[in-house]
1. Within the bounds of the stretch 490-505, is there any residue that is within 16 Å of ligand 2 (Cβ to nearest atom) and under 25 Å from residue 590 (Cα atoms)?
2. When you scan the stretch 385-396, how many residues do you find that are under 16 Å from residue 375 (Cα atoms) and either surrounded by fewer than 16 Cβ atoms within 10 Å (Cβ to Cβ) or touching a residue at least 40 places away in the same chain (Cβ under 8 Å) (or both)?
3. Just the residues that are at negative phi and either exposed (fewer than 14 other Cβ atoms within 10 Å of the Cβ) or modelled with pLDDT under 95 (or both), please, taken from the stretch 188-201.
4. Identify, by number, the condition in (1) part of a helix (DSSP H, G or I); (2) closer than 17 Å to residue 456 by Cα; (3) near ligand 2 (Cβ under 10 Å from one of its atoms) that residue 417 doesn't meet.
5. In the stretch 108-123, which residues are touching a strand residue (DSSP E or B) at 6+ places or on another chain (Cβ under 7 Å), within 10 Å of ligand 1 (Cβ to nearest atom) and not in a helix (DSSP H, G or I)?
6. In this structure, does residue 504 turn out to be within 16 Å of the chain's Cα centre (by Cα) and farther than 24 Å from residue 387 by Cβ?
7. Testing residue 579 on (1) under 30 Å from residue 223 (Cα atoms); (2) surrounded by fewer than 18 Cβ atoms within 10 Å (Cβ to Cβ); (3) within 16 Å of ligand 2 (Cβ to nearest atom), one condition comes back false. Which one is that?
8. If you check residue 286 against the conditions, is it touching a strand residue (DSSP E or B) at 6+ places or on another chain (Cβ under 6 Å) and surrounded by fewer than 18 Cβ atoms within 10 Å (Cβ to Cβ)?
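The values are calculated or read from the model by the stated rules, or taken from the named source; none is laboratory data. Predicted, not measured: the structure shown is a model, and the values here were computed from it. Cβ placement follows ideal geometry from the backbone for every residue including glycine, while neighbour counts extend to all protein chains displayed.
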Ligand SMILES: CCCCCCCCCCCCC[C@H](O)CC(=O)SCCNC(=O)CCNC(=O)[C@H](O)C(C)(C)COP(=O)(O)OP(=O)(O)OC[C@H]1O[C@@H](n2cnc3c(N)ncnc32)[C@H](O)[C@@H]1OP(=O)(O)O
Ligand SMILES: NC(=O)c1ccc[n+]([C@@H]2O[C@H](COP(=O)([O-])OP(=O)(O)OC[C@H]3O[C@@H](n4cnc5c(N)ncnc54)[C@H](O)[C@@H]3O)[C@@H](O)[C@H]2O)c1
């Protein structure tokens with residue numbers, strides 16, 4: 001912490017560097033303000049940061065050591081700032097986030113650089129602004145705007161902050177000089193009207209409705225995440241209680257969140273997401289040894305469900321795109337879909353309209369002609385999930401595309417090495433597995449094959465970042481990480497139906513856990529035909545299945561033909577208006593329980609002599625989640641994912657795993673590996689024909705080693721087998 005005194009007398013300049021040691025900063029602020037207060041030569045104070053940044057707030061790594069009782073100290077220093085008889089001006093450059101914005105709210109004036117931005121992101125870390133932010137901000141900008149900022153954690157640019165009333169002045173340059181000028185100007189003027197704690201929250205006739213609607217909204221969006229709800233409660237306190245009592249309530253709610261476990265999970269996700277960006281392969285390649293090649297022009301082949309979303313993401317990031325289809329009709333359908341997605345995206349971001357080059361048709365070209373792809377820097381194939389078709393396309397691309405171009409496949413599960421074998425450049429072939437809807441979902445699994453070069457990995461990771469996605473590098477196996485873990489989860493869900501559940505009971509249990517969609521609503525949305533085609537391809541059903549195969553066994557493994565039977569009945573999910581649920585019409589979204597399906601399940605159980613039983617929520621959750629987690633341990637042991645954090649990032653950003661539970665592997669660590677192992681052992685004894693329930697050797701090893709913390713797991717994995 002640097003502390004410059006009286007650089008521009010009579011203004012006392014308190015200059016702080018990036019916050020690492022919370023208590024050191026709090027102490028230094030306290031000392032600085034007290035010194036300025038008693039020094040008769042000082043007439044005013046400016047608080048600013050160093051190197052062009054006010055502060056990004058507290059070091060999150062320090063939170064684990066914060067004790068509930070530590071909190072008041074920043075709050076009391078902010079009170080001290082506010083109570084000062086000399087005007088205190090915050091000079092905000094770069095950013096003022098979290099505790100830093102709370103400090104600025106305690107100042108009497110706030111000046112910001114035009115490029116600066118501010119926010120209270122605590123909610124995203126499972127907390128709430130606990131140093132008076134929830135009580136001062138509503139007093140400054142009103143309840144609706146404060147609720148919006150505090151419950152979402154969004155950052156706003158200086159211009160918007162000025163409009164909201166958070167900032168008093170914006171500077172194009174030299175913010176600190178401007179702050180000093182302002183401090184001099186207001187020196188000697190009365191300060192009470194600038195002290196937010198003395199202000200009343202502006203009353204609104206519909207205040208009760210605003211607060212209760214906000215509560216309903218966050219409860220619906222957050223699905224079990226406590227912090228947004230507590231943020232609303234804290235803002236409500238600012239309306240209903242005097243300032244000091246509101247502060248007491250804020251502290252009580254903050255302490256509750258700090259000890260809830262959700263804060264720990266969300267802070268783990270913050271770092272896991274950043275760690276996933278630092279990929280390393282088993283040969284030691286990483287960002288240090290390979291850099292991303294510049295990508296100016298991208299080609300996308302196939303404008304179906306995935307291709308159209310991928311094109312939209314690329315155009316939104318202002319990349320030049322060529323989109324290719326197999327015939328004129330599909331091209332027109334695809335082009336219309338992309339145009340409508342881009343229009344919808346533009347309407348969500350009004351400021352895009354102000355940029356003349358946004359959604360520029362010159363950025364996007366539709367074609368049927370493969371030769372147009374020759375100068376593309378990178379191609380993403382998103383045609384049907386059919387190995388023969390993919391190989392044919394990659395063979396063609398290998399001949400047409402310029403030597404430097406990278407060839408990517410969006411396959412959900414197929415072997416990257418086999419696809420690469422159809423080209424003369426397997427080192428430039430890689431999987432880029434986007435998730436549906438591709439213009440919305442943040443995740444891209446980056447799958448490298450045996451021959452994929454580090455530059456190709458770096459380039460795919462770089463592209464993901466450019467288009468605002470989170471790339472996670474994984475190894476090559478059927479289903480990679482995400483879909484490989486999804487398979488035992490979905491399989492359990494169907495077995496539970498065979499044994500007595502209804503789709504809604506399974507979905508409700510998993511939605512109650514925090515998933516946006518339970519497995520059956522998710523399958524109906526994705527289309528049941530997708531899995532059916534894959535199972536036919538694998539010979540699990542359809543014409544390739546050996547005659548005489550028992551309906552519910554494949555080899556010695558339990559198999560459920562239920563999903564195949566639904567498809568044979570034309571029930572593909574939402575798209576056909578019938579699936580695990582019924583819908584008002586094809587394409588409708590509201591899933592209603594279907595008596596036809598319930599009768600069908602009764603007949604099915606009768607035909608296979610299955611006695612239906614009541615299955616409680618605990619069993620539903622344990623069987624679905626623990627088998628998914630078990631596969632995660634197997635994936636770590638196989639070297640398909642380099643660490644548990646990568647798996648967690650994949651599940652949070654690709655599959656809607658509730659973020660406040662930290663991802664499946666973090667969740668397993670909170671439950672305790674011995675318990676997961678014991679439950680898997682119990683279920684696998686009851687169901688010996690379900691091999692995926694048998695505990696993975698790696699899970700057993702970790703339990704044997706005494707349940708080490710997640711950070712240490714990989715030091716016990718079999719690194720020899722790494723596919724990374
Ligand atoms: C001038 C006077 C200042 C007075 C300030 C007083 C503050 C006192 C605090 C007291 C305690 C009060 C607690 C308070 O109520 C609550 C908080 O403040 S909570 C923290 C709020 N802040 C955030 O949530 C910011 C989180 N960070 C970000 O949003 C982004 O990282 C960023 C800052 C916008 C930068 O984004 P990028 O440029 O994309 O860079 P990265 O995200 O990749 O980050 C780079 C690197 O930094 C690490 N990092 C970033 N923020 C933090 C952080 N808050 N704590 C710890 N580490 C952080 C990040 O992990 C990266 O490192 P790597 O993981 O790659 O090693
Ligand atoms: N749908 C999903 O949820 C999802 C999610 C992730 C990955 N994937 C994968 O993405 C790929 C595409 O899936 P989808 O759901 O978008 O399929 P889709 O059936 O919706 O679209 C495929 C498109 O490819 C086009 N096409 C077929 N052959 C072509 C050719 N020779 N040249 C040009 N275009 C051709 C088709 O006309 C069609 O428009 C598959 O590999 C799939 O496994 C799908």
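1. Yes, some residue in the stretch 490-505 is within 16 Å of ligand 2 (Cβ to nearest atom) and under 25 Å from residue 590 (Cα atoms).
2. Of the stretch 385-396, the ones under 16 Å from residue 375 (Cα atoms) are 394, 396.
With the extra rule that they be either surrounded by fewer than 16 Cβ atoms within 10 Å (Cβ to Cβ) or touching a residue at least 40 places away in the same chain (Cβ under 8 Å) (or both), the set shrinks to 396.
Qualifying residue count, the stretch 385-396: 1.
3. Result: 189, 190, 192, 193, 198, 200.
4. Unmet condition: (3).
5. The answer is 117, 119.
6. no
7. The one condition residue 579 does not meet is (2).
8. Criteria met by residue 286.
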